[in-house]
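The structure under discussion appears below in the form of structure tokens.
Throughout, read-outs are computed from the coordinates displayed, never taken from laboratory work. It should be emphasised that the depicted structure is a prediction, and the values quoted were computed from it without experimental measurement. For neighbour counting, all protein chains shown are included, and Cβ atoms are generated from backbone atoms with ideal geometry for every residue, glycine included.
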Amino acid sequence: MVGLERSTLPLIGEDQFGLASSVAVLSFIVAFGMAKSLTNLGAGALAQRVGRRRLLIGGWVLALPVPLLIAVAPNWGWVVAANLFLGVNQGLTWSMTVVMKVDLVGPRRRGLALGLNESAGYCGLALAAAVSGFLAAEFVPRDVLVVGGFAIAGAALVTTLLFVRDTSAHVEREQERHHPDAGGEQPRMRDAFAEATYRDPALRACSQAGLVNNLNDALAWGVVPLFMAAAGASAGQIGLVAALYPAVWGLGQIWTGHWSDIVGRKPLIVAGMLVQAGALALLAASGGGIALAAMASIVLGAGTALVYPTLIAAVSDAVSPLGRPAAVGAYRFWRDLGYVVGGVGAGVLADGFGFSGAIVAIAGLTAASGLWAALDLPSRQRAAAAPAA
């Protein structure tokens, strides 16, 4: 669903709705990020009470209005409203698939499970970004987005209804087996939020790194297509660059998630943030040229692959099974708030200093985030040393 928008929606904002300001174009990312971050928080609190599967089904039901609103949109405000629905959809569906996979595998293989989950999602995102970019060169971009949105949302809802089962029994077994002294009550959301925000060094380091990581993703989603279009790139070339980043990110996570089970979480998190900073610096130096922009997209994907599943695994390591949904929800709140910060910040910087200036500023912020993680994130024993599930 998100991949469909990667190479088309910023261009639709400029071409069909006449938006001239980068802040105005990126307003859809701000709406998406705010809705998704708040939904993550709510999903974490409700997972144990309502059930993972019910929330997953609800998330896909709420995806159905997204292409409808975009199809009939008379102005950009309707597109922003569609992305509020998309944010709620993503908050419920991603939160539940993440939590359910970790429920299933136990403590020794959670990095691998998260790598598989994130890989499936972001390979799908890359495929949709590439296909929609090339189709947008031949057909009306809005039509491509609408038809693809209905097809994906419908297929996902049917698949969930027919094949997905709840994983609550797995959680109870893991709690009894590996955390018998932790108690049987789910922690309050406000306590989990405080732990993830400032109390626990491991959780707060992960939260800030996640926020900056998705700030970078907002930049890649909203600014890079405009940056390349200003340099004369075609819709197909923009689609290629928009796809390379999540493709490398998606495929790489199968390996990096498993690697973090073996060597620990911290080395991959620190290295990944610094690699992302270098990729953004290369992108700024490219001037929007296709060759260097494609290379920067590949390097950015590699850095994100090191970080993305590893951060959620590190959060899961730091809490008990019953506390996991709330902790992951709080972490994902801060992580996806990066879309809001990135959408507003990148838009303001691009309007004030140009696209290259905005990218350089965010590269510096990303490097600072990596150094924060290096100083604040404890070096924990690797997850593979935990008892077998």
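Across segment 67-178, Cα pairs under 8 Å and at least six residues apart give a relative contact order of 34 percent. Selection among Val263, Ile12, Gly357 by position relative to the dipole of the chain gives Val263 as farthest towards the positive end (Cβ unit charges, Cα centre). Taking Cα atoms, how many degrees apart are the long axis of helix 76-105 and the longest axis of the chain, rounded to 10 and kept between 0 and 90? So the helix axis and the longest Cα principal axis differ by about 30 degrees.
Dipole magnitude for segment 250-389: about 320 debye, using +1 per Lys or Arg Cβ and -1 per Asp or Glu Cβ, origin at the Cα centre. Principal-axis analysis of the Cα atoms of the chain puts helix 290-317 at an angle of about 20° to the longest axis.
Going by C-beta contacts inside 10 Å, put Glu176, Glu5, Glu195 in order with the fewest on the left.
By the 10 Å Cβ count, ascending, the order reads Glu176, Glu195, Glu5.
Which order do Lys266, Lys36 fall in if you start with the one that has the fewest other Cβ atoms within 10 Å? Numbers along the way, then the final one.
Numbers: Lys266 20, Lys36 30.
Fewest-to-most Cβ neighbours within 10 Å comes out as Lys266, Lys36.
In a reduced charge model with +1 at each Lys and Arg Cβ and -1 at each Asp and Glu Cβ, the chain shows a dipole moment near 840 debye about its Cα centre. Summed over qualifying helices (DSSP H, 4 residues or more, each -39500 (n - 2.57)) and divided by its residue number, the chain shows a 222 nm mean residue ellipticity of -27000 deg cm²/dmol. As a calculated quantity, the FRET efficiency between Trp78 and Glu176 at R0 = 45 Å, using C-beta atoms, amounts to about 0.35. Farthest toward the positive end of the dipole of the chain, out of Ala137, Asn213, Ala202, is the Cα of Ala202, where the dipole comes from beta carbon charges about the Cα centre.
Principal-axis analysis of the Cα atoms of the chain puts helix 235-263 at an angle of about 20° to the longest axis. Across segment 371-376, rounded Karplus estimates of 3J(HN,Hα) from the backbone phi angles (6.51 cos²θ - 1.76 cosθ + 1.60, θ = phi - 60°) give 5, 4, 4, 4, 8, 9 Hz, Gly and Pro being marked x.
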